[in-house]
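The values are calculated or read from the model by the stated rules, or taken from the named source; none is laboratory data. What you are looking at is a predicted structure, and each value in this text was computed from that prediction instead of being measured. Note that each Cβ is placed from the backbone with ideal geometry, even for glycine, and that neighbours are counted across all protein chains shown.
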């Protein structure tokens with residue numbers, strides 16, 4: 001089973017005795033299963049001084065985390081694009097592949113909790129720091145013809161049905177413990193299904209992209225867009241008429257009602273029961 005860690009290395013709303021920003025390394029395990037027990041997932045936290053902000057220090061922290069966990073992750077995710085060079089170098093020095101990703105759901109929640117309950121208790125705390133990270137919008141890239149679906153459709157499943165994902169036939173995909181969001185069992189979770197005779201090849205390609213969200217985009221033309229990594233965007237379908245645009249609008253409305261939860265699925269045809277790909281996604 002693949003082990004993925006989520007990492008953040010950044011200043012916190014705390015200053016030391018010299019009025020210099022205190023930095024922190026946060027590492028946690030990424031739940032990739034809908035039934036994951038988040039209470040057992042690995043966590044590691046370490047403060048460091050402003051003078052220790054370098055890739056060597058971060059690499060040493062990663063090694064210490066591996067020693068504490070007793071296992072080395074297969075790869076590490078991080079969401080701060082501004083720290084890309086330092087984190088990439090540190091992970092490389094520690095011998096761990098890393099990827100920019102917005103699938104840092106556990107890390108985001110942990111940071112929020114620490115902002116509310118941990119940092120305010122620290123000596124040198126300064127309120128109002130560490131604003132929410134914004135992800136810039138870049139123009140969607142066109143997909144290669146071989147990766148384009150012949151058909152697509154939007155659907156909705158009750159949240160309770162998604163808890164059975166582990167019993168479905170899925171070749172490529174990833175989930176997270178949806179029960180942590182406390183959705184009502186009958187909440188309708190929207191999804192986009194892509195249909196193609198090359199479903200397996202498309203799903204295999206998407207499995208390496210760090211899927212983040214599917215979005216109805218109106219800024220670069222009426223279309224459905226897949227956002228991956230931190231800033232990458234791909235055009236999935238052009239919405240050339242009002243009925244298709246209304247369907248996409250309903251998809252977005254259902255996402256809001258479901259707390260941002262949605263999914264992307266890939267199948268050969270509507271008659272198929274198995275999925276070449278199925279990813280549970282969350283707007284953050």
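Brief remarks on what is shown
- Residue in the stretch 194-203 that is assigned by TED's automatic domain parsing to the domain that holds residue 269, closer than 20 Å to residue 105 by Cα and touching a strand residue (DSSP E or B) at 6+ places or on another chain (Cβ under 8 Å) present: no
- Taking the criterion of being part of a strand (DSSP E or B) and under 21 Å from residue 170 (Cβ atoms), the residues of the stretch 235-265 that qualify are 236, 261, 262, 263, 264, 265.
- Inspection of the stretch 269-279 finds a residue satisfying the criterion of being under 28 Å from residue 134 (Cβ atoms) and assigned to a strand (DSSP E or B).
- Test: residue in the stretch 238-247 that is buried (at least 20 other Cβ atoms within 10 Å of the Cβ), in contact with a strand residue (DSSP E or B) (Cβ under 9 Å, 6 or more places away or on another chain), in contact (Cβ under 8 Å) with a residue 12 or more places away in the chain and not assigned by TED's automatic domain parsing to the domain that holds residue 28: no
- Among the conditions (1) outside any loop (DSSP other than H, G, I, E, B); (2) touching a residue at least 24 places away in the same chain (Cβ under 8 Å), residue 230 misses just one, which is (1).
- Some residue of the stretch 135-153 being touching a strand residue (DSSP E or B) at 6+ places or on another chain (Cβ under 7 Å), in a helix (DSSP H, G or I), touching a residue at least 60 places away in the same chain (Cβ under 8 Å) and surrounded by 15 or more Cβ atoms within 10 Å (Cβ to Cβ): no
- Selection status of residue 66, more than 23 Å from residue 208 (Cα to Cα) and at pLDDT 95 or above: yes
- Any hit, the stretch 183-204, residues being in a strand (DSSP E or B) and free of Cβ contacts under 8 Å to residues at least 40 places away in the same chain: no
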